[in-house]
1. Please determine, by comparing only the residues of region 214-235 that are under 12 Å from the mean Cα position of the chain (by Cα) and part of a loop (DSSP other than H, G, I, E, B), which one is nearest to residue 365 (Cα to Cα).
2. Within region 178-192, track down each residue that is under 18 Å from residue 414 (Cβ atoms) and surrounded by fewer than 23 Cβ atoms within 10 Å (Cβ to Cβ).
3. Have a look at 241, 275 and point out the one that is touching a helix residue (DSSP H, G or I) at 6+ places or on another chain (Cβ under 9 Å) and free of Cβ contacts under 8 Å to residues at least 60 places away in the same chain.
4. Going by the structure shown, is residue 208 surrounded by 17 or more Cβ atoms within 10 Å (Cβ to Cβ), within 28 Å of residue 237 (Cβ to Cβ), touching a residue at least 40 places away in the same chain (Cβ under 8 Å) and in contact with a strand residue (DSSP E or B) (Cβ under 9 Å, 6 or more places away or on another chain)?
5. Any idea which of 22, 30 is more than 15 Å from ligand 2 (Cβ to nearest atom) and crowded, with 17+ Cβ neighbours inside 10 Å?
6. If you scan region 167-202, which residues turn out to be assigned to a loop (DSSP other than H, G, I, E, B), farther than 16 Å from residue 294 by Cβ and touching a residue at least 40 places away in the same chain (Cβ under 8 Å)?
7. Could you list all residues from region 182-237 that are at positive phi and out of contact with any helix residue (DSSP H, G or I) (no Cβ under 7 Å at 6 or more places or on another chain)?
8. Got at least one residue in region 379-387 being crowded, with 23+ Cβ neighbours inside 10 Å and over 16 Å from the mean Cα position of the chain (by Cα)?
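The values are calculated or read from the model by the stated rules, or taken from the named source; none is laboratory data. Predicted model, so just to flag it, every value in this text is computed and none were measured. When we count neighbours, we look across all protein chains shown, and the Cβ atoms used for this are built from the backbone with ideal geometry, even at glycine.
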Ligand code: SF4
Ligand code: SF4
């Protein structure tokens, strides 16, 4: 098994250096240098693969500065997968330099739900010792200096009970029109639990039979973006084996998280590409995986329900397009179509601009880059004057909530599913 995600030399050679990707590149906007640009990355990666450029601390730092936002892929005439090329070299970086202990510990916990549940419970019990609660933002703020965490930074708060432990496995509808499973994602499971609660209420109102598969594990995205491909493949295979036990009995797996659904729909196959049997098994599962707003908009009567029974809300909303919704899944019209039924929608200057989350490494070791990328987005949100900023992604939520806090912007973040649920509440 070759275990490579992509042919780096061919991808580098295929780049015609047209430069169309440069104006949209998130890291290039912060660090306007050819080495930190999509075509620069591709050139360096091909040179490295040919043996002309060693993977040292300097090149590692360059390759770790990409936000994996896929802006470049979106505009590239050849749709060159710079993001996958970076993911490929990150796997090599992980092998060559090792993965920092706290990331290894985190990825290990993602594999074992029961232990993660206990850790989250302990986190909830003890969080007030070290963190002040910021309830409105569903966040917490360190009271004193803590390594890794960074002082003065808003982090997602831990909930008392996880989403998966808050609901029955099967929520039956009397005359079900459809049957759908919920894949919740780790952040919405442990922190932003209201997203899943809202999704369940909305699906109940639509008469959908709901399955909440309790043994679902992380989709693998955090480990994938860090280059820990062994963990990624382990998680994917465990999830596939589990989902195969019920996939024939459901119409869809609904995911209220863009990064998770994009990981499942696109990256599972890439990560498994040298194992054809698993690619086939994965394809059968992911054919039914859909981002929640897309599936609800296209396959249910949610629009009609919102028009008939939804309240007209007097607070305004601006919608941010997560990279993993609009660029990788083509989902951007659907959340707007649903939200505009009950909320005044105000478009921001460039809703498609990356929020600057960037993955685990940028959020820990290169946090200054996340702050630099987040500030203009926070300003853009403020300029709309909207009360709420919404996006179907908890990574965007974590990044934007902190960016707004640091830049004195008082707008609150909510997932579109939470807003839809609020409009339907009596
Ligand atoms: S993925 Fe984003 S940050 Fe990385 S090279 Fe492409 S546009 Fe730049
Ligand atoms: S848009 Fe594509 S082909 Fe053009 S420079 Fe960027 S990566 Fe190369």
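1. 220
2. Matches in region 178-192: 187 only.
3. The conditions single out 241.
4. Criteria not met by residue 208.
5. None of the others qualify; the one that does is 30.
6. Passing the criteria: 167, 168, 169, 177, 184, 191, 192.
7. Correct list: 207 only.
8. Yes, there is a match, as at least one residue in region 379-387 is crowded, with 23+ Cβ neighbours inside 10 Å and over 16 Å from the mean Cα position of the chain (by Cα).
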